[in-house]
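Here, each number is a calculation from the coordinates, and none is a lab measurement. Keep in mind the model is a prediction, meaning the values are calculated, not measured. For neighbour counting, all protein chains shown are included, and Cβ atoms are generated from backbone atoms with ideal geometry for every residue, glycine included.
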Amino acid sequence: MDLDVLFIGTAGSAPTARRSLPSILVRRGGDRMLFDCGEGTQRQLLRSIGLIELEEVFITHFHADHFLGLPGMLKTFSLRGRERALTVYGPPGLRALFRALEIVIGKTTYPLTLVELEPREELRRDGYVIAPFAVEHRVTAYGYALIEQERPGRFDEARARELGVEPGPDFGRLQRGESVDGVTPDQVLGPARRGRTVVLAGDTAPSEMTLAVAHGADLLVHEATFSADDAERARETAHSTARAAAELAAAAEVAMLALTHVSPRYSGGELRDEARKFFQNTIVPRDFDSVEIPLPERGPPIHHREALRSDGQQFL
């Protein structure tokens, strides 16, 4: 099952020529989930993978740079005659926000459902859950974790044959956890294999909750609005420095840290260098970069860089 994270917008509260406002697309198999929808998100999607008919959008909090792309995108879906249902999730206050946006969005051609989530209210999907958790910001704000279920252990075909099980449907029954003619799954399956975990922390100061949720994660996406030189400003605004995010990633023993929400005052390289002093496997993705997350036994996460910048020049 493929799993990757596509960075649609990586800027902080203001866009730059190279970075759009916050938005991340998580793709798992055929599922597509958009986390935050800053201004210009639909344009960014059109420039990368196309404006796909998303079924689920998750908003971390209600600062304008994280949701102002929604009205235009929802309106475009209607202009296209969309009929497939769309669900938008977010913290309490989501319905009030949409009441304020109603005059802009108007009537949609498709069912639009709004779901206000409570912290730790898991959304169960096929093989994984989406779990919101409270973070530390100036307003009510959530991070989201995608947590896969454990997978069955490796199937020992030779052992199954020794026990008298013939290849074919009975092999499949054992792999699904069923017994076959007195042979039980534990006799032919190795230890359960862990699933993958992706944690998107949203806008937040470093928090104990993020540390707990991200422990052992394959990928932690954490904001780094400031460098350590501006640590006081980070505390005042309940944001994070690159150093603090890296120290949290090291304590959580994640496999990879991706820093986002980059302020226009930085190019990104200085934040990466600061973070790598405390957590080596840190990246600062640009718009349209992605991180592929293989199954754990197949290797660590892989950072794929977008070939061209928005100005048409090759990345270095």
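Just a few scattered comments:
- Computed from Cα atoms alone, the Kirkwood hydrodynamic radius reported for segment 258-304 is 11.8 Å.
- Among the trypsin sites (Lys or Arg not before Pro) in segment 163-226, those located in a DSSP loop and surrounded by at most 11 other Cβ atoms within 10 Å of their own Cβ are 176.
- A crude spin-label estimate for the pair residue 273 and residue 113, with each label 7 Å from Cα along the Cβ direction, gives 5.0 nm.
- Inter-site label distance for residue 95 and residue 147 at 7 Å from Cα along Cβ, in nm: 2.8
- Protection-proxy order for peptides 180-192, 68-80, each taking the mean of Cβ atoms within 10 Å per residue, highest first: 68-80, 180-192
- Sites residue 124 and residue 236, calculated FRET efficiency, Cβ-Cβ separation with R0 45 Å, nearest 0.05: 0.70
- Inter-label distance, residue 2 to residue 302: 1.2 nm, where each label sits 7 Å from its Cα along the C-beta direction.
- Rg and Dmax [Cα atoms of segment 118-244; Å; Rg one decimal, Dmax integer]: 21.9, 68
- Entry for Cα extents along the principal axes in Å (calculated from the structure that is shown) out of [x] 124, 36, 30; [y] 67, 51, 40; [z] 55, 43, 38: [y]
- Measuring between their Cα centroids, segment 241-302 and segment 88-112 lie 33 Å from each other.
- The chain - mean residue ellipticity at 222 nm from DSSP helices (-39,500 (n - 2.57) per run, n ≥ 4, rounded to 500): -6500 deg cm²/dmol
- Low-density loop cleavage sites - trypsin sites (Lys or Arg not before Pro) in segment 211-305, where at most 15 other Cβ are within 10 Å (DSSP): 265, 277, 305
- Positive-end residue, segment 123-234 charge dipole about Cα centroid, Cβ charges, pick of 168, 234, 185: 168
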